[in-house]
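Here's the structure, in structure tokens; my notes come after.
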Amino acid sequence: MAIALVTVVPSGDTAAAHAGRDFYGTRTPYEPRESPDHYQRAPKGFVPVFTQNVARHGSRAMTDSSDGDAVLAVLRRAQAHNALTGRGAKLGPQVQTLLSAASAIGYGNLAGRGAQEHRQTALRMEQRLPSLFHTIATQHEPIVVETSGSPRAVASARAFAGALIADDPALADALKAPVTDKDLLYFHKQPQNADYQAYLAGDPDLAAVLAAIDDEPRTARTARHVLSRLFDDAFTASMPAGEQVSFARSLYQLYSAAPDLKVEAPRVDLTPFLSSHDAQWLAYLDDAEEFYRKGPAFSGRTITYKMANVLLDDLFAQTEAKAAGTSHNGAVLRFTHAEEIEPLAVLLNLPGSTEPARPGRPYSYRNNPWRGDRVAPMAANIQWDLYANATTYLVRMLYNEKETAFKPSCKPMAKGSYFYNLTELKRCFNRG
């Protein structure tokens, strides 16, 4: 598929529009998107009988030290040439502290903040559904826990389950030992999705559009500005343009990782080293990669998200089994990764998650609402609650704990309601 590439300046989403906002992309620490005080009440006569979620692991350490090592190497070189500005001289100790904190807990592992994110999410789930969790505890309905098997997903599940038990020890008998299901919760790496892996490795359209975005003049300008605040003019001029960009992007990776390690490195603050304007552009470059690799990507192509149907199928299967009486589970809790959350968001038509890039118009902040910090922040979660009366089953969806409508072709119980008849959901999702 040939692509006509055009300028992709995200000026419609300016720094002014983001005043007071940081730009951490998918590494943004988790915050619930709605207060329970604003939730709709279930229709009269309906009570919760089952809940299930799909959650990303919580805030974590960087996967390795490569970005920190790259930044430190340039800083040492600049120091040897007496080329550091006052601000630049302060960066090295901050980076070293951040690396030490990540190394101490293990690169890629769940951070203290991530564990707390899941503990708090678990408590809010229990507080939203007190009658359900009372039933689970008294009737010993199983709470099934499934993970991708990665240490950070397993640790997230442990934090979530631990919070439930700490709040109500009677749930201990209901909680089942975590099980690993890579086909369900790490599907992007499995053999059945070799076509997706080939897309990442060598799709010419993907390579072309990301190269065009990286080659935007603003990328080089941003990199030069980042360096100009840390090094003197002569040293900055001595660095090739490609090295300048690499340095700026590595620094951004550290900048966006630092909040996730706030427990382990509370005094690290990298915001003084990237202006808001620069951080916004570097976040856009990261968002573009996420968008094309894991999100809605190209119009007319489904390669990045069709594989998430296995998760959507499981959401329906668990709901239908409970409604049919063939499952006695009280809850199903799943812990996974951004690679699973982002494509599932497309299939579910979640707000800001679904619009692909149109031909000749590469993704930008001006022409597309997709933002990593909204679609898949750390500990992002999708929750379905099943309610029942004597004859009918209703489903309510929460996305990052905000009541969220299903796609427009699904008709709720009443206009403006977030409750949907299970039969209607099966119809509008073509589930038979």
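Is there a residue being out of contact with any Phe, Trp or Tyr (no Cβ under 8 Å at 6 or more places or on another chain), within 26 Å of ASP287 (Cα to Cα) and either among the acidic types (Asp, Glu) or modelled with pLDDT of 95 or more (or both) anywhere in region 149-169? Yes, region 149-169 has at least one match. Restricting region 242-258 to residues that are open to solvent by less than 20 Å² (accessible area, probe 1.4 Å) and of a type outside the set (A, V, I, L, M, F, W, C), the residue that is nearest to the chain's Cα centre (by Cα) is SER256. Set side by side, the residues LEU110, LEU99, LEU129, LEU91 differ, and just one is touching a His at 6+ places or on another chain (Cβ under 7 Å), open to solvent by less than 50 Å² (accessible area, probe 1.4 Å) and modelled with pLDDT of 95 or more, which is LEU110. When you check ALA155 against the structure, is it assigned to a helix (DSSP H, G or I), out of contact with any helix residue (DSSP H, G or I) (no Cβ under 8 Å at 6 or more places or on another chain) and not basic (Lys, Arg), yes or no? For ALA155, the condition - assigned to a helix (DSSP H, G or I), out of contact with any helix residue (DSSP H, G or I) (no Cβ under 8 Å at 6 or more places or on another chain) and not basic (Lys, Arg) - is not met.
Among the candidates ASP22, ASP69, which residue alone is acidic (Asp, Glu), part of a helix (DSSP H, G or I) and either over 24 Å from the mean Cα position of the chain (by Cα) or at pLDDT below 95 (or both)?
Values: ASP22 fails: part of a helix (DSSP H, G or I).
The unique qualifying residue is ASP69.
List, please: which pairs have Cβ atoms under 6 Å, are six or more places apart or on different chains, and start with a residue in region 411-432 that is buried (at least 16 other Cβ atoms within 10 Å of the Cβ) and end with one that is small (Gly, Ala, Ser)? Every condition considered, the pairs that remain are LEU422/ALA323. In the set (1) closer than 30 Å to ASN389 by Cβ; (2) part of a loop (DSSP other than H, G, I, E, B); (3) aliphatic (A, V, I, L, M), VAL54 fails one condition alone, (2). Would a scan of region 79-86 turn up a residue that is open to solvent by 20 Å² or more (accessible area, probe 1.4 Å) and within 30 Å of ILE165 (Cα to Cα)? No, there is no match, as no residue in region 79-86 is open to solvent by 20 Å² or more (accessible area, probe 1.4 Å) and within 30 Å of ILE165 (Cα to Cα).
Residues in region 215-239 that are basic (Lys, Arg), under 18 Å from ALA288 (Cβ atoms) and open to solvent by less than 80 Å² (accessible area, probe 1.4 Å): ARG218 only.
The criterion of at least 3 residues that are in contact with a helix residue (DSSP H, G or I) (Cβ under 7 Å, 6 or more places away or on another chain) is met, among helices (runs of 4 or more DSSP H) falling completely within region 209-265, by 217-228, 241-257. Among the residues making up region 267-297, those that are open to solvent by less than 10 Å² (accessible area, probe 1.4 Å) and in contact with a His (Cβ under 9 Å, 6 or more places away or on another chain) are ASP278, GLN280.
The values are calculated or read from the model by the stated rules, or taken from the named source; none is laboratory data. Note that this is a predicted model, so its numbers are computed, not measured. Neighbour counts are summed over all protein chains in view; Cβ atoms, including those assigned to glycine, are modelled from backbone coordinates with ideal geometry. Quick note on the areas: whole protein, heavy atoms, side chains included, nothing else; ligands and nucleic acids left out. Shrake-Rupley method; radii C 1.70, N 1.55, O 1.52, S 1.80 Å.
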